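K.L.:
Below are the structure tokens for one structure; questions will follow.
The values are calculated or read from the model by the stated rules, or taken from the named source; none is laboratory data. All of these numbers come straight from a predicted model, not from anything done at the bench. Don't worry about glycine lacking a Cβ; one is built from the backbone with ideal geometry, like all the others, and counts go over all protein chains shown. Ligands, DNA and RNA are stripped out before the accessible areas are found, and what is left, the full protein with its side chains, is counted by its heavy atoms. Shrake-Rupley method; radii C 1.70, N 1.55, O 1.52, S 1.80 Å.
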Amino acid sequence: MQVSKQDIVDTFDVPFKMCVQDGNVASVMCSYNEVNGVPTCADPNLLRNTVRGQWKLDGYIVSDCDSVGVFYNTQHYTTTPEQAAADAIKAGLDLDCGPFLAQHSEDAVKQGLLNEVDINNALVNTLRVQMRLGMFDGEPSVQPFGKLGPKDVCTASNQELALEAARQGIVLLKNSGVSLPLSHRRHRTVAVIGPNSDATVSMIGNYAGVACGYTSPLQGIGNYVKTIHQLGCANVACRDDKLFSAAIDAARQADATVLVMGLDQSIEAEFRDRTGLLLPGRQQELVSKVAKASKGPTVLVLMSGGPIDVSFAKNDPRIGAILWAGYPGQAGGAAIADVLYGTTNPGGKLPMTWYPQDYVSNLAMTDMAMRSSRHRNYPGRTYRFYKGPVVYPFGHGLSYTNFIHTIVNAPHVVTVPLDGHRRSGNATVLGKAIKVNHARCNKLSVGLQVNVKNTGSKDGTYTMLVFSTPPAGHWAPSKQLVAFAKVYVPARSEQQVGISIHVCKFLSVVDRSGVRRIPIGLHRIHIGDVKHSVSLEAATLGVIKS
């Protein structure tokens, strides 16, 4: 894949840099793919210069499993396996997940492709982390954590944490009228329908451990009310309508209907990409027919790892509410039921844009460009650059109460001090944007005080997303998330929240050369519909001529 320097610095590097510098991770994994013609596990600019050099990783770099073998056997990046082993280790790889380096590194040394110091460097990085883990401190069972086992995983507090994580992760996408929360008095019998209605293992998604136990959506709802259960589809592929009539009958009998639909590992997984954004097979048909037959409110619950185009349900007045649960984990069904019945007031927000199906027709999955291009008919990627229609936008999420927020204190002007050790103060200001490495960034931030008032009758948690729109320019995104906070606000009360936006990290943009700059001029900060403008101004300190 071809990726511009601008997009690498502006988008793709950002989360990994934060993990290394802010999260202080102990390990970074390089991937299978080539970026601009170089496999990531053989790229010294990425591994040695960037991850370990610029970001100062204090740990080891490991390959994705067998990716060193892949760049020799499949990508044919080198002509010999010894050269592949040498390229990986010299690029900065410390540990191979797989047998390739064990098989070929010794011969690479014998052929003069690798030095002993290269091997030693990789060993030092790996062994240092093992030492930090206590792996050389003697018999594991006598160490502080040596007797931990399954009983320590499945404690009551850990299982409560799994439930609370699931509750907080659920996003209320639609709630027309008073569809949700359901009422114990009015909705005494609930039809629970759908291929994910009694889901257990599929709720934990990819790369999960062994669950302590499962609460499926059917079980969770059954803890509140009497249920009538019908699958409607034999599985999420939903290839036929053989089970439709029983599901439709269940909806006619019940006081409310909950459809638990969506995806699972048979549709999307690490090794399995989706080809479209619609619900699989005949799921949409089932939802529409059940909603038409339901005598009470119809609620659509979706399980998936990514976006689904559910425009049909969004626009169908017979479908009163839509919840997205992601893959909610072992207690997912209990969490879904808690939200349906209002025991939990949902506060989750979408972590990605939900695009219409047409999006995948206009964008090749191999094209990594972030910015839209009119002459290429390319729509762009993510909320920062995509300009087309959406099903639900990034950050969308409703609540059972109403929150009003106001900015009570914020600066209108922030001065950006320049480093006086440059040849000229003016040399750092190009097109009204200061290079970040020419600014004195330490503790340079924009501070906001925000009042959050809960005007409704239900306690709730407000997830505040703070966006910035930089001054117009060729490099700038239309907006970007610069801060967030979660605040619990009881009914008919208010809380004040402090927000700090680091200027160099979050109010900067990246030019076409991959240089991060701070645009001088008016930046618009917005939280929902509330907007505040802050002007960034450059101020040169003493200029020391060279």
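K.L.:
Open to solvent by less than 60 Å² (accessible area, probe 1.4 Å) and modelled with pLDDT of 95 or more: which single residue out of Leu263, Leu278 fits that description?
P.N.:
Step by step, each of Leu263, Leu278 is checked, and only Leu263 is open to solvent by less than 60 Å² (accessible area, probe 1.4 Å) and modelled with pLDDT of 95 or more.
K.L.:
In addition: Among Tyr72, Tyr77, Tyr60, which is the only one that is surrounded by 14 or more Cβ atoms within 10 Å (Cβ to Cβ), aromatic (Phe, Trp, Tyr), free of Cβ contacts under 8 Å to residues at least 40 places away in the same chain and closer than 30 Å to Gln6 by Cα?
P.N.:
Tyr72
Per-residue answers, yes or no, for (1) among the aliphatic types (A, V, I, L, M); (2) surrounded by 16 or more Cβ atoms within 10 Å (Cβ to Cβ); (3) closer than 24 Å to Met18 by Cβ:
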residue: Gln449; (1), (2), (3): no, no, no
residue: Met464; (1), (2), (3): yes, yes, yes
residue: Pro471; (1), (2), (3): no, yes, no
residue: Ala476; (1), (2), (3): yes, yes, yes
residue: Ile501; (1), (2), (3): yes, yes, yes
residue: Ser508; (1), (2), (3): no, yes, yes
residue: Asp511; (1), (2), (3): no, yes, yes
residue: Val515; (1), (2), (3): yes, yes, yes
residue: Pro519; (1), (2), (3): no, yes, yes
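K.L.:
Is there a residue in region 310-320 that is open to solvent by less than 10 Å² (accessible area, probe 1.4 Å), among the hydrophobic types (A, V, I, L, M, F, W, C) and closer than 20 Å to Val178 by Cα?
P.N.:
For region 310-320, residues open to solvent by less than 10 Å² (accessible area, probe 1.4 Å), among the hydrophobic types (A, V, I, L, M, F, W, C) and closer than 20 Å to Val178 by Cα: present.
K.L.:
Considering only region 80-94, state which residues are among the aliphatic types (A, V, I, L, M) and touching a residue at least 40 places away in the same chain (Cβ under 8 Å).
P.N.:
Answer for region 80-94, where residues must be among the aliphatic types (A, V, I, L, M) and touching a residue at least 40 places away in the same chain (Cβ under 8 Å): Ala84, Ala88, Ala91, Leu93.
K.L.:
If only one of Thr257, Thr275 is assigned by the TED database to the domain that holds Arg186 and touching a strand residue (DSSP E or B) at 6+ places or on another chain (Cβ under 8 Å), which one is it?
P.N.:
Result: Thr257 is the single residue among Thr257, Thr275 that is assigned by the TED database to the domain that holds Arg186 and touching a strand residue (DSSP E or B) at 6+ places or on another chain (Cβ under 8 Å).
K.L.:
Right, another one. For region 394-404, how many residues meet the condition of being part of a loop (DSSP other than H, G, I, E, B) and either open to solvent by less than 60 Å² (accessible area, probe 1.4 Å) or in contact with a strand residue (DSSP E or B) (Cβ under 6 Å, 6 or more places away or on another chain) (or both)?
P.N.:
Residues flagged as part of a loop (DSSP other than H, G, I, E, B) and either open to solvent by less than 60 Å² (accessible area, probe 1.4 Å) or in contact with a strand residue (DSSP E or B) (Cβ under 6 Å, 6 or more places away or on another chain) (or both) within region 394-404 amount to 7.
K.L.:
Here is a further query. Of the residues Ser445, Ser500, Ser478, which is of a type in the set (Ser, Thr, Tyr) and modelled with pLDDT under 95?
P.N.:
Selected residue: Ser478, the only one of Ser445, Ser500, Ser478 that is of a type in the set (Ser, Thr, Tyr) and modelled with pLDDT under 95.
K.L.:
Here's another thing I want to ask about it. Residue check: is Ser245 under 17 Å from Tyr327 (Cα atoms) and open to solvent by 40 Å² or more (accessible area, probe 1.4 Å)?
P.N.:
Considered against the rule, which asks whether it is under 17 Å from Tyr327 (Cα atoms) and open to solvent by 40 Å² or more (accessible area, probe 1.4 Å), Ser245 comes out as no.
K.L.:
Using the structure shown, decide if Ala256 is among the hydrophobic types (A, V, I, L, M, F, W, C), surrounded by 22 or more Cβ atoms within 10 Å (Cβ to Cβ) and in contact with a Leu (Cβ under 6 Å, 6 or more places away or on another chain).
P.N.:
Yes; evaluated as a whole, the condition is true for this residue.
K.L.:
Filter region 88-138 down to residues that are more than 20 Å from Asn73 (Cβ to Cβ), small (Gly, Ala, Ser) and modelled with pLDDT of 95 or more and give me whichever is surrounded by the fewest Cβ atoms within 10 Å (Cβ to Cβ).
P.N.:
Going through the qualifying residues, I end up with Gly112.
K.L.:
Also, I was wondering about something else. Looking only at residues in region 292-306 that are open to solvent by 20 Å² or more (accessible area, probe 1.4 Å) and of a type outside the set (Gly, Ala, Ser), which one is modelled with the lowest pLDDT?
P.N.:
Lys295
K.L.:
I'm checking my understanding of the structure. Among residues of region 139-170 that are in a helix (DSSP H, G or I) and among the small types (Gly, Ala, Ser), which one is surrounded by the most Cβ atoms within 10 Å (Cβ to Cβ)?
P.N.:
The extreme case among them is Ala166.
K.L.:
Same structure, new question: Can you pull out the residues in region 191-237 that are open to solvent by less than 50 Å² (accessible area, probe 1.4 Å) and over 22 Å from Gly169 (Cβ atoms)?
P.N.:
The answer is Ala191, Ile193, Val225, Thr227, Ile228, Gly232, Cys233, Ala237.
K.L.:
Let me ask something else about it. I need every pair where a residue in region 6-17 that is among the charged types (D, E, K, R) has its Cβ under 6 Å from the Cβ of a residue that is crowded, with 17+ Cβ neighbours inside 10 Å, sequence separation at least 6 or different chains.
P.N.:
Asp7/Met370; Asp10/Val510; Lys17/Trp55
K.L.:
Next question, about the same structure. Just for region 412-423: of the residues that are open to solvent by 40 Å² or more (accessible area, probe 1.4 Å) and outside any strand (DSSP E or B), which one is modelled with the highest pLDDT?
P.N.:
Here the answer is His412.
K.L.:
Do we find that Ser493 is of a type in the set (Gly, Ala, Ser), more than 22 Å from His523 (Cα to Cα) and at pLDDT 95 or above in this structure?
P.N.:
So Ser493 passes the test.
For (1) touching a residue at least 24 places away in the same chain (Cβ under 8 Å); (2) open to solvent by less than 30 Å² (accessible area, probe 1.4 Å); (3) touching a helix residue (DSSP H, G or I) at 6+ places or on another chain (Cβ under 6 Å), each residue gets a yes or a no:
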{"position": "Gly347", "(1), (2), (3)": "yes, yes, no"}
{"position": "Met365", "(1), (2), (3)": "yes, no, no"}
{"position": "Tyr378", "(1), (2), (3)": "no, yes, no"}
{"position": "Thr406", "(1), (2), (3)": "yes, no, no"}
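K.L.:
Looking at Ala476, Ala491, Ala472, Ala485, can you tell me which residue is within 27 Å of Gly342 (Cα to Cα), part of a loop (DSSP other than H, G, I, E, B) and outside the structural domain of Thr11 (by the TED database)?
P.N.:
Just a single option satisfies the conditions, and that option is Ala491.
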